[in-house]
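The values are calculated or read from the model by the stated rules, or taken from the named source; none is laboratory data. Bear in mind the structure is a predicted one, so any value in this text is a computation, not a measurement. Cβ sites come from the backbone with ideal geometry, for glycine too, and all protein chains shown count toward neighbours. Calculation scope for accessible area: heavy atoms of the full protein, side chains included, ligands and nucleic acids excluded. Shrake-Rupley method; radii C 1.70, N 1.55, O 1.52, S 1.80 Å.
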Protein chains: 2
Amino acid sequence: MITINDIAKEAGVSIGTIDRVIHNRGGVSKKTEAKVNAIIKKHDFKINVIASSLASNKKFEIATLIPEFDSKNTFWKSPMMGISKAKEDIEKFGVKVNSYTFNQFEVSSYVSQFKKIIASKPDAVIFTPLFGTETQLLAEALDNKKIPYIFLNVNLDGFDNMSFIGQDSYMSGVLAGKLMHLSINDDASIAIMQTRINVDNNHAIYNRISGFDDYFTDNNISINRTKVTIFNLDDTDELKEKLHDMFNANPTIKGIFVPSSRVFSFANCIDNSKIKDLALIGFDGTEQNIKCLEDGRVSFLISQKPFKEGYESIKLMVDYLIEKKRPVSKIYSPIEILTKENVKFSMELK
Amino acid sequence: MITINDIAKEAGVSIGTIDRVIHNRGGVSKKTEAKVNAIIKKHDFKINVIASSLASNKKFEIATLIPEFDSKNTFWKSPMMGISKAKEDIEKFGVKVNSYTFNQFEVSSYVSQFKKIIASKPDAVIFTPLFGTETQLLAEALDNKKIPYIFLNVNLDGFDNMSFIGQDSYMSGVLAGKLMHLSINDDASIAIMQTRINVDNNHAIYNRISGFDDYFTDNNISINRTKVTIFNLDDTDELKEKLHDMFNANPTIKGIFVPSSRVFSFANCIDNSKIKDLALIGFDGTEQNIKCLEDGRVSFLISQKPFKEGYESIKLMVDYLIEKKRPVSKIYSPIEILTKENVKFSMELK
DNA sequence: GTTAACTTCGTGTGCGTACACGCAAATGTA
DNA sequence: TACATTTGCGTGTACGCACACGAAGTTAAC
């Protein structure tokens, strides 16, 4: 393995000069440059990434901004954990990650956090552009400063974002439709549970419902589907009552589709005797959901590996910052089907 | 980020001593060691892999031995690609990977390749212990030389292997059973396609069939299941004839379970008009299988991410060689369900 | 001869690694 | 007891390889 030193000797110049040639930093005569390049080519010299990253003590800062999570809305916990994991992994490369969160129900919190980020002069930003209009303005600030940014989980068109990482929510809805179709008889009917606007990750939810609906429409399956709206998922009494009314009004309901990560809330409000005959399908392998899956109260969970999304978004950005590798513009996470049988193997390897 | 130097200062000793503590090289008094360890723990010091691998100009060599693949038996292609990818990734850490393959139908090829590996004096070996008796002898040689090894894809008990990475084939069979059950009516019947012994990855196949069977038995589902044996999958004529006979003999067959990666062979030998009403379930997201999935001739594929298995086995070993991190003794890959809807998102991120 | 503009050199830096060596206490020997 | 030898514990530092910047050398221009 040839080193910069060997080249310097062979070319009869110092390693400083070699370094300038390699990095095109100028200040080298045409003659010397040609000579050095010839030697580099001759020996197929490749820069030693290890030594390089040790020497170039460049310190990058990446800022991340995603919605906060709490014990009820745990959706954003996984991406955050992925970000944290990536943070550890890349620390050794001298890249710092500063994580910010915002309240997804308050535009003002989004804006103010974003402004903080811009003020911190990061080298790159990874964020969830939940609010279109405001993002317009904020992204412009990043564009002006030539700060690269990646959209995480929510995609908006017409922006200069380097990439988008997230799920194809529509397709995951279609898949949910298929699984539901397999799980119930054709003469049964289905309830689609909706929550009030501004729910956790509501952008995706809308698409999931479309996909779910379209599966039945496109395949000419005439299973009856009812949309039921719940106002407060944390109000167990309301939920139980609503469900009770629902089953009374429509006793043929055998499938319940919950297009959010809250399927466990429903599972916990249905009697054990009744739930046996029901197919519940929901999203995201959160702790509570997995519990329901394991004891058979939920049939399928669809997960988009949100941990990995968070993790990869950082890794991608680091690859860009350090090695100038531009990622592709859209990266879809896998749409994973979780069942009782495979769930315990579904956590990330390692 | 805390360095070895900071620790030395804080402990009031030299960095040499810190190094000895970190690597357990002895020659440090209990007192000093405790003190240093406390500081290491306090600051959560992690060795800087970059600097470490630069300094220790050690060149590790990992040998891998897995079955060869060809255009028909493509199962082993993915692990090999995972190995190749990992190879690239770790090259910069001064770790070399030498890949060997053997003919899975010839014990002698396994043994001779293994002997080559031992002769090459590798620092670690990753291999598929397909033949038990022979492995006994060969693994002993590794034990004697204190060369660590990981089992890939096939697990054998009673060995000193550092870890096993592979799938829980039994459970993937159970899952296949569940999906099959969902896909057909209770009055239909199922054909389980067996191939002659010595088929690609036959170890797993046996377990898959057990799992599949047990799903029905354990859940008291009385769907009729027939086992059909095919001698040569590459003989299209034999296959077509067998299938034809089978459907004649048992017209209620609506589900076909192929416990290997060869489900595409079956799909390609069934008329388009007939296949519409059939549920075909197979294993592994090989190119040909995915094609069948996409055009609807196969309902489900179950995949254990063999690429990732290959990739992770190397990474795990590198972590051990460089950082002395011992992996857990058994690592199961996810049992992934592939459908028409999610298959295009299932390739690895990046 | 002075200045400015180019080129190139030399070296400290990043962070561990590993080995040579120093020093003191413990043990051995006569 | 007096001295030598062995152990045990630590120190100091030369690497590994590229990076980056101040300083010095060279050339050309006026």
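Scanning the stretch B:1-12 for residues that are surrounded by fewer than 15 Cβ atoms within 10 Å (Cβ to Cβ) and more than 7 Å from DNA strand C (Cβ to nearest atom) gives B:Lys9, B:Gly12. Please verify whether A:Leu130 is aliphatic (A, V, I, L, M) and not in a loop (DSSP other than H, G, I, E, B), treating the condition exactly as stated. No: the conditions fail for A:Leu130. Among the residues of the stretch A:29-43, those that are away from DNA strand D (no atom under 11 Å from the Cβ) and without any contact (Cβ under 8 Å) to a residue 12 or more places away in the chain comprise A:Lys30, A:Lys31, A:Ala34, A:Ala38, A:Lys41, A:Lys42. Based on this model, can you work out whether B:Ile15 counts as more than 14 Å from chain A (Cβ to nearest Cβ) and open to solvent by 30 Å² or more (accessible area, probe 1.4 Å)? Spelling it out, B:Ile15 is indeed more than 14 Å from chain A (Cβ to nearest Cβ) and open to solvent by 30 Å² or more (accessible area, probe 1.4 Å).
Of the residues making up the stretch B:84-106, those that are more than 16 Å from DNA strand D (Cβ to nearest atom) and touching a Leu at 6+ places or on another chain (Cβ under 9 Å) are B:Ser99, B:Tyr100, B:Thr101, B:Phe102, B:Gln104. Checked against (1) more than 23 Å from the chain's Cα centre (by Cα); (2) in contact (Cβ under 8 Å) with a residue 24 or more places away in the chain, B:Phe283 passes all but a single condition, namely (1). Residues of the stretch A:2-12 that are more than 8 Å from DNA strand D (Cβ to nearest atom) and out of contact with any helix residue (DSSP H, G or I) (no Cβ under 6 Å at 6 or more places or on another chain): A:Lys9, A:Gly12. With respect to the conditions (1) more than 14 Å from every other protein chain (Cβ to nearest Cβ); (2) in a helix (DSSP H, G or I); (3) open to solvent by 40 Å² or more (accessible area, probe 1.4 Å), A:Lys85 falls short on a single one, namely (1). One residue alone among A:Pro122, A:Pro79, A:Pro148 is modelled with pLDDT under 95 and in contact with a Gly (Cβ under 6 Å, 6 or more places away or on another chain), and that residue is A:Pro79.
The residues in the stretch B:326-336 that are of a type outside the set (S, T, N, Q) and more than 10 Å from chain A (Cβ to nearest Cβ) can be counted, and the count is 2. Here is the figure for the stretch B:99-113: residues that are surrounded by fewer than 15 Cβ atoms within 10 Å (Cβ to Cβ) and of a type in the set (A, V, I, L, M) total 1.
Of the set (1) closer than 20 Å to B:Asn185 by Cα; (2) assigned to a strand (DSSP E or B), all apply to A:Phe164 but (1).
When restricted to residues that are within 7 Å of DNA strand C (Cβ to nearest atom) and either of a type in the set (Ser, Thr, Tyr) or part of a helix (DSSP H, G or I) (or both), the stretch B:22-46 contains 1. Looking at A:Val97, A:Val13, A:Val49, just one residue is without any contact (Cβ under 8 Å) to a residue 60 or more places away in the chain and touching an Asp or Glu at 6+ places or on another chain (Cβ under 9 Å), and that residue is A:Val49.
Count, please, the residues in the stretch B:217-264 that happen to be charged (D, E, K, R), assigned to a loop (DSSP other than H, G, I, E, B) and crowded, with 16+ Cβ neighbours inside 10 Å. The number of residues fulfilling the criteria is 1. Taken over the stretch B:283-317, the criterion of being touching a Pro at 6+ places or on another chain (Cβ under 8 Å) and more than 14 Å from chain A (Cβ to nearest Cβ) is satisfied by B:Asp284 alone.
The selection criterion, being away from DNA strand D (no atom under 16 Å from the Cβ), within 21 Å of B:Glu309 (Cα to Cα) and open to solvent by 50 Å² or more (accessible area, probe 1.4 Å), holds for B:Lys77.
Might you check whether a residue that is within 14 Å of chain A (Cβ to nearest Cβ) and away from DNA strand C (no atom under 16 Å from the Cβ) occurs anywhere in the stretch B:47-62? There is no residue in the stretch B:47-62 that is within 14 Å of chain A (Cβ to nearest Cβ) and away from DNA strand C (no atom under 16 Å from the Cβ). In the stretch A:169-187, the residues that are without any contact (Cβ under 8 Å) to a residue 60 or more places away in the chain and facing chain B (nearest Cβ under 9 Å) form Cβ pairs under 7 Å with partners that are assigned to a loop (DSSP other than H, G, I, E, B) and not charged (D, E, K, R), at six or more places apart or across chains, as follows: A:Lys178/B:Thr339.
So for the stretch B:51-68 (the condition being out of contact with any strand residue (DSSP E or B) (no Cβ under 7 Å at 6 or more places or on another chain) and away from DNA strand D (no atom under 16 Å from the Cβ)), does at least one residue qualify? The answer is no, given that none of the residues of the stretch B:51-68 is out of contact with any strand residue (DSSP E or B) (no Cβ under 7 Å at 6 or more places or on another chain) and away from DNA strand D (no atom under 16 Å from the Cβ).
From the list A:Leu293, A:Leu280, the one residue that fits, being within 16 Å of B:Pro334 (Cβ to Cβ), outside the structural domain of A:Thr64 (by TED's automatic domain parsing) and not aromatic (Phe, Trp, Tyr), is A:Leu293. Condition first: of a type in the set (Gly, Ala, Ser) and more than 22 Å from A:Leu321 (Cβ to Cβ). Now tell me which residues in the stretch A:95-143 satisfy that. If the condition is that a residue be of a type in the set (Gly, Ala, Ser) and more than 22 Å from A:Leu321 (Cβ to Cβ), then A:Ser108, A:Ser109, A:Ser112, A:Gly132 are the ones that fit. When you scan the stretch A:249-267, do you find a residue that is over 26 Å from A:Trp76 (Cα atoms) and without any contact (Cβ under 8 Å) to a residue 24 or more places away in the chain, even just one? Yes, because at least one residue in the stretch A:249-267 is over 26 Å from A:Trp76 (Cα atoms) and without any contact (Cβ under 8 Å) to a residue 24 or more places away in the chain.
Look through the stretch B:23-74, keep the residues that are aromatic (Phe, Trp, Tyr) and within 20 Å of B:Glu312 (Cβ to Cβ), and return whichever of them is least open to solvent (accessible area, probe 1.4 Å).
Narrowing the stretch B:23-74 to residues aromatic (Phe, Trp, Tyr): B:45, B:60, B:69.
Narrowing the set further to residues that are within 20 Å of B:Glu312 (Cβ to Cβ) leaves B:60, B:69.
On the way: B:Phe60: 27, B:Phe69: 87 Å².
The qualifying residue least open to solvent (accessible area, probe 1.4 Å) is B:Phe60.
Only residues that are outside any loop (DSSP other than H, G, I, E, B), more than 7 Å from chain A (Cβ to nearest Cβ), open to solvent by less than 60 Å² (accessible area, probe 1.4 Å) and of a type outside the set (Val, Ile, Thr): list them for the stretch B:337-350, please. Show your work before the answer.
Filtering the stretch B:337-350 for residues outside any loop (DSSP other than H, G, I, E, B) gives B:337-338, B:343-345.
Next, only the ones that are more than 7 Å from chain A (Cβ to nearest Cβ) stay: B:338, B:343-344.
Subset that is open to solvent by less than 60 Å² (accessible area, probe 1.4 Å): B:338, B:343.
Answer for the stretch B:337-350, where residues must be outside any loop (DSSP other than H, G, I, E, B), more than 7 Å from chain A (Cβ to nearest Cβ), open to solvent by less than 60 Å² (accessible area, probe 1.4 Å) and of a type outside the set (Val, Ile, Thr): just B:Leu338.
Against the conditions (1) in contact (Cβ under 8 Å) with a residue 60 or more places away in the chain; (2) within 16 Å of DNA strand C (Cβ to nearest atom); (3) touching a helix residue (DSSP H, G or I) at 6+ places or on another chain (Cβ under 6 Å), B:Glu323 satisfies every one except (3). Run down A:Lys116, A:Lys146, A:Lys121, A:Lys96 and say which single residue is open to solvent by 30 Å² or more (accessible area, probe 1.4 Å) and part of a helix (DSSP H, G or I). After applying the criteria, what remains is A:Lys116.
With the structure loaded, tell me whether A:Leu280 is in a strand (DSSP E or B), closer than 15 Å to A:Ile337 by Cα and not small (Gly, Ala, Ser) or whether it fails that test.
Against the criterion (in a strand (DSSP E or B), closer than 15 Å to A:Ile337 by Cα and not small (Gly, Ala, Ser)), A:Leu280 qualifies.
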